[in-house]
Amino acid sequence: MTHDHDLVLRPTARQVAAALNPPAGRNGGDLVVEALAGLGATTVFGLPGQHALGMFDALRRSDLEYVGLRVENNAGFAADAHGRITGEATPLLLSTGPGALTSLAALQEAAAASAPVLAISSQVPSAGIGGGRHGYLHELRDQKASFRDVVKSVHTVRTASQIPSAIAAAWESALTAPHGPVWVEIPQDVLLAETTLPVVTGLDATPRDLVPRPELTAVAAHLLQSAERPAIIAGGGVVRSDASGKLLALAEKLDAPVVTTFGGKGAFPWEHPLSMQSWLEDRHTTDFLEDADVLLVVGSGLGELSSNYHTFAPRGRVIQIEADLGKLESNHAGLGIHADARIALTALLETVEDRRDPSAAERVSALLAKVRERIAGQELTLEQEVLAAVREALPDDSPSFWDMTILAYWAWSAFDARRPNTMHSAQGAGGLGYGFPAALGAAAADRTRPVLAVSGDGGAMYSIAELASAKQYELPVTWLIVDDGGYGILREYMTDAFGEATATELSRPDFVALAESFGVPAVRTTTESLREDLAKALAQPGPSVVVLPAVLRMFAPTHL
């Protein structure tokens, strides 16, 4: 009897010949890049270091495109964005000790935002691993321990033969829902040692599907179609699983209003009659959601930002579809369905019966009118004009990446992303410096459309060195820097809490002159000329910088 797997495993004569005669001059680093290429990687990000040179030397013998950044954390942000845009695992090559540790904040953001980053780090030589104090350069007692609580999985390699399988296992982990960063570390001597192993082929790292249990789908469908006032919260899981079309179909089938979280921007059409948009930091929206008798939460853990700082207290039944098992019912009790958003929404669409509610669109319209009235009473015309100018200048299909800055906080609530998977920010972990290097990663994924980065002057200084990377690779990124002379939101927080601010005021450079010193064209704009200057910058090839001197204010919070 012949089994199917016998046919798969039997090599051809050509494969046998190639395996018996591998190219000369290969080392462990070649096994790394061959494994990555075999799994489908096209672009890698990183920064070389002494222990990692075997990997970087192997890059010149491969077809992988290398994009090098100037700081490991920025390389991590770039890989994060590349993974978000492509939906594929993006390799991040790092050196040992300080180089590896510098990437931690980026990996935390990737973990919080479920971005599939495949970090591959070198290690000290094998003789130095195990906790002894041998005095190797960059030596840590247990390097992987620093990453274990940040990434999804850790994979340690000790021999050359382990490299392809470890990378394949990490790849599968990164792309199994929920996506996330993973960590592989390989000792320096293993990367440098010559190998006679065959060229890596035939790797399979297909991620597992996360399918909902049918009895849970049946209960959820019954609750939704029987509800009087159903509503839907759509999170980042909808975007990551490419489920926006399924969400729209289900909302229309149920006549259920939809609000998107800040991580789920673009998951639902902004101007749709059932769209509550993204005003989650608004008490009117919170009240509306609390009044729902059945609330479907898709791809969100209802964390701090999505719950109006944990002031949200649902009174109806909650149905939560979430790929991250740890988030099920972590904040609110309900019917937890552990599943990928797209697969679960497909199952609901096939199960739920049509439900009509002519009042749904009217209630949404009344809600948005209340929100507009609240904002209009706070004399925030400047902020709304700046955000409108950015929206008008940015092409609909261009991705945008927002740092932790006041204009970004406005954008979370008030910016129409227009397309799924086009607006991203660092709101997962909340660290500074994300916007510009992330935009570079997105531009490396698709050079045919311009990418926008938005930072404040404080956040810009975290990644100013990447102007060199942007210029070196001629990446089409326009960087909008809103310069208010300090950490603007912290200035507001401290003034409100203590009467005055401390440690928030910054001496900053002439950003226009600084950008031009890197060979990057730059312009200082005004609120009146922002739209025109930004549109012009986005239309030109390569990187550019637009500096807007302005002090923006946040709208009043409703959770206090």
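The values are calculated or read from the model by the stated rules, or taken from the named source; none is laboratory data. Bear in mind the structure is a predicted one, so any value in this text is a computation, not a measurement. Reconstructed Cβ throughout: ideal geometry from the backbone, glycine too, with neighbour counts over all protein chains shown. Only protein heavy atoms, including side chains, enter the accessible area calculation; ligands, DNA and RNA are left aside. Shrake-Rupley method; radii C 1.70, N 1.55, O 1.52, S 1.80 Å.
Listing for the model above:
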quantity: Region 6-127, dipole about Cα centre (Lys/Arg Cβ +1, Asp/Glu Cβ -1), debye to the nearest 20; calculated: 240
quantity: Whole-percent carbon and sulfur share, accessible surface of region 308-437, 1.4 Å; calculated: 47
quantity: Rounded, prolate or oblate (a/c below 1.5 giving rounded, otherwise prolate when a/b exceeds b/c) for region 140-218 by Cα gyration tensor; calculated: oblate
quantity: Residues residue 507 and residue 528, FRET efficiency given R0 of 22 Å [Cβ-Cβ distance, rounded to 0.05]; calculated: 0.20
quantity: Dipole of the chain [Lys/Arg +1, Asp/Glu -1 at C-beta], most positive-end residue of 78, 545, 410; calculated: 78
quantity: Qualifying lysines (Cα of each under 22 Å from Cα of residue 144; at least 8 residues distant if same chain); calculated: 152
quantity: Length-normalised contact order of the chain in % [C-alpha pairs under 8 Å, at least 6 apart]; calculated: 13
quantity: Relative packing of 330-341, 358-369, which averages over residues the other C-beta atoms within 10 Å, highest first; calculated: 330-341, 358-369
quantity: Rounded Å value of the spacing that divides the Cα centres of region 527-560 and region 208-247; calculated: 36
quantity: DSSP bridge orientation in the chain - percent antiparallel, rounded to nearest 5; calculated: 5
quantity: Aspartates and glutamates with Cα under 19 Å of residue 471, excluding same-chain neighbours fewer than 8 positions away; calculated: 65, 72, 446, 510, 516
quantity: Relative contact order [Cα under 8 Å, 6+ residues apart], region 95-238, whole percent; calculated: 27
quantity: Whole-percent carbon and sulfur share, accessible surface of region 112-154, 1.4 Å; calculated: 47
quantity: Global geometry of region 365-509, whether rounded, prolate or oblate, following the gyration tensor of its Cα atoms and the 1.5 cut on a/c; calculated: oblate
quantity: Sequence ranges 514-521, 212-219, ranked by mean other-Cβ count within 10 angstrom, highest first; calculated: 514-521, 212-219
quantity: Relative contact order of region 212-360, defined on C-alpha pairs under 8 angstrom at six or more residues apart (%); calculated: 31
quantity: Peptide ranges 154-162, 284-292 listed from the most packed, as the mean C-beta count within 10 angstrom indicates; calculated: 284-292, 154-162
quantity: Solvent-accessible surface ranking, highest first, for 473, 462, 136, 434 at 1.4 angstrom; calculated: 462, 136, 473, 434
quantity: Residue 472 paired with residue 165, simple spin-label distance in nm, labels 7 Å along Cα-to-beta-carbon; calculated: 3.6
quantity: Virtual spin-label span in nm between residue 311 and residue 380, 7 Å along Cα→Cβ; calculated: 1.3
quantity: Accessible area (Å², per residue) of the chain, counting only protein heavy atoms and a probe of 1.4 Å; calculated: 40
quantity: Extended-chain gain in nm, criterion 0.36 nm per residue less alpha-carbon gap, residue 396 and residue 189; calculated: 69.6 nm
